[in-house]
Amino acid sequence: MNHWPKVPLSDVVDSAPGQRDPRRAPEALFRYVDIASIDNVAKRITTCKELVGCEAPSRARKVIRQGDVLVSTVRPNLNAVALVPSNLDDQIASTGFCVLRATQDLLPLYLFFFTRSSGFIDRLVGMVGGAMYPAVSDSKVLESMIPLPPLDEQRRIVDILSRAEGIVRLQKQAADKAREIIPALFIKMFGDPATNPMGWPEVPFGEVGTLDRGKSKHRPRDAAELYDGPYPFIQTGDVARSGGVITTYKSTYSEVGLAQSKLWPAGTLCITIAANIAWTGVLSFDACFPDSVVGFLPGPEIEPAFVQGWLSFLQPTIEANAPQAAQKNINLRILRDLPIPLPPFDIQTEYSRRLDLLRGIEVQREMSQVDSSAVHQTLLHRAFAGQL
């Protein structure tokens with residue numbers, strides 16, 4: 001283990017980073033500029049290259065330089081950091097950031113990785129103050145103790161961490177590409193469902209299977225006796241987050257809950273009709289769900305996988321046209337009347353087979369990505385514990 005000396009950040013960063021340039025006219029704060037906003041950095045962008053220009057609000061008054069490290073000091077984004085690239089040199093950032101500008105004793109990338117380590121982030125979270133605007137002051141950030149090895153050692157650590165992060169980034173890019181494959185496969189086999197270029201016969205959706213709303217009759221819906229039993233209870237958010245297959249759940253029904261609901265079998269295609277509109281997920285277990293979710297059980301001429309692919313193309317249009325009172329919703333009649341193309345069943349079955357193969361590959365890829373991310377986090381911890 002290396003026992004490098006630890007020093008406060010205030011000893012190795014510029015004493016007055018990110019301050020407003022007094023030479024700028026006040027109106028410069030409101031001109032159209034590239035601005036590093038908290039929302040952008042909260043997306044865990046590792047550099048600011050993806051930040052977009054927007055009109056700077058009055059709170060955007062910190063001048064940033066290439067190589068600066070931006071640390072969000074506002075909850076809930078205390079794990080949000082970014083390294084300023086050359087294209088944002090001499091631009092403006094929000095006062096919601098502590099701007100760290102490394103001195104000659106510190107490599108900007110070493111500083112950047114340090115601010116992403118669990119020790120640094122956990123310390124910030126523990127010091128949050130303020131009820132109306134929970135935040136950490138810049139002075140508290142600058143009190144953080146950073147290990148200070150020689151510059152050659154900092155370069156070695158940065159090289160290892162950059163390589164590990166590169167692997168994670170490549171896997172994310174692969175995941176983005178993978179998400180494009182399934183829609184492309186559907187188009188190749190069936191054509192665009194909005195125009196039906198292959199001329200498949202069309203029938204109302206309600207005629208190709210059983211389409212019914214879930215049940216949750218009891219009022220109030222949050223009565224304690226309905227929950228914490230053995231029966232999975234799926235809600236619209238669970239469907240929207242499922243990625244197409246529902247494998248997890250957050251709530252369960254008791255026997256009392258089941259008695260006022262309905263248990264749908266594994267394989268049911270769940271379709272949301274409130275809040276999250278026309279999102280779908282196939283149950284991988286028996287489950288209950290409320291009337292904000294519709295269950296579809298296929299007839300002999302239709303594959304659930306085909307229905308799911310078809311609805312995924314229609315989802316944006318259905319949601320955009322959904323009526324809204326307290327929240328957006330559609331009724332069962334709208335779904336039942338939707339004209340659905342009906343390709344030959346053997347083609348639908350082949351699509352379902354290929355989809356299962358793609359999803360199997362995706363599961364393996366996700367497991368690999370989790371492993372790589374865990375390794376990267378472990379390396380971050382070890383690097384600043386003197387163990388790398």
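With every protein chain present, what accessible area does LEU106 have (1.4 Å probe, heavy atoms only), rounded to the nearest 10 Å²?
10
Can you list residues from other chains, or at least 5 along the same chain, whose modelled amide H is less than 5 Å from the amide H of ASP68?
VAL84
May I ask you to compute the full-extension gain from ASP152 to ALA224, defined as 0.36 nm times their residue separation minus their alpha-carbon distance, rounded to one decimal in nm?
Values: separation 72, 0.36 × 72 = 25.92 nm, distance 6.06 nm.
Gain on extension, ASP152 to ALA224, equals 19.9 nm.
Kindly state, to the nearest 0.05, the FRET efficiency for LYS250 paired with GLN104, given R0 = 35 Å and r defined as their beta-carbon distance. Spell out each step's value before the answer.
Numbers: r = 51 Å, r/R0 = 1.46.
Using R0 = 35 Å, I get an efficiency of 0.10.
Quick one: 3J(HN,Hα) in Hz for region 221-236, Karplus 6.51/-1.76/1.60 with θ = phi - 60°, rounded, Gly and Pro as x.
5, 9, 4, 4, 5, 7, 10, 6, x, x, 9, x, 10, 9, 10, 4
With every protein chain left in place, what is the accessible area of LYS140 in Å² (1.4 Å probe, nearest 10)?
80
Could you rank VAL168, VAL141 by how accessible they are, 1.4 Å probe, largest area first? Please report the intermediate quantities before stating the final value.
Values: VAL168 30, VAL141 0 Å².
Per-residue accessible area, sorted high to low, gives VAL168, VAL141.
What FRET efficiency comes out for MET189 versus ASP159 if R0 is 51 angstrom and r is the Cβ-Cβ distance? Round to the nearest 0.05.
Details: r = 46 Å, r/R0 = 0.90.
The calculated FRET efficiency here is 0.65.
What is the gain in length, in nm to one decimal, between MET198 and LEU342 on full extension, counting 0.36 nm per residue of separation less the C-alpha to C-alpha distance?
Values: separation 144, 0.36 × 144 = 51.84 nm, distance 1.05 nm.
Extra length available between MET198 and LEU342 comes to 50.8 nm.
Can you list residues whose amide H is under 5 Å from LYS262's amide H, if they're 5+ apart or on another chain and H is modeled 1.01 Å from N?
Amide H neighbours of LYS262: LYS215, PHE289.
Given the Cα-Cα distance of ALA275 and ARG359 and 0.36 nm per residue of separation, how much length would full extension add, in nm?
27.6 nm
If each of ILE121 and LYS262 carries a label point 7 Å out from its Cα toward its Cβ, how far apart are those two points in nm?
4.3
Largest first, what is the accessible-area ranking of HIS218, HIS3 with a 1.4 Å probe? If you can, show how the numbers build up before the last one.
On the way: HIS218 55, HIS3 155 Å².
Largest accessible area first, the residues go HIS3, HIS218.
In nm, to one decimal, how far is the modelled label at SER137 from the one at GLU301, with both set 7 Å along Cα→Cβ?
7.3
Separation between the ARG333 and HIS3 pseudo-spin-labels, each 7 Å from Cα along Cα→Cβ, expressed in nm?
A separation of 8.0 nm, rounded to one decimal place.
The values are calculated or read from the model by the stated rules, or taken from the named source; none is laboratory data. Predicted, not measured: the structure shown is a model, and the values here were computed from it. Here the Cβ is made from the backbone with ideal geometry for all residues, glycine too, and neighbour counts use every protein chain on show. Areas reflect the complete protein model, heavy atoms only, side chains present, ligands, DNA and RNA absent. Shrake-Rupley method; radii C 1.70, N 1.55, O 1.52, S 1.80 Å.
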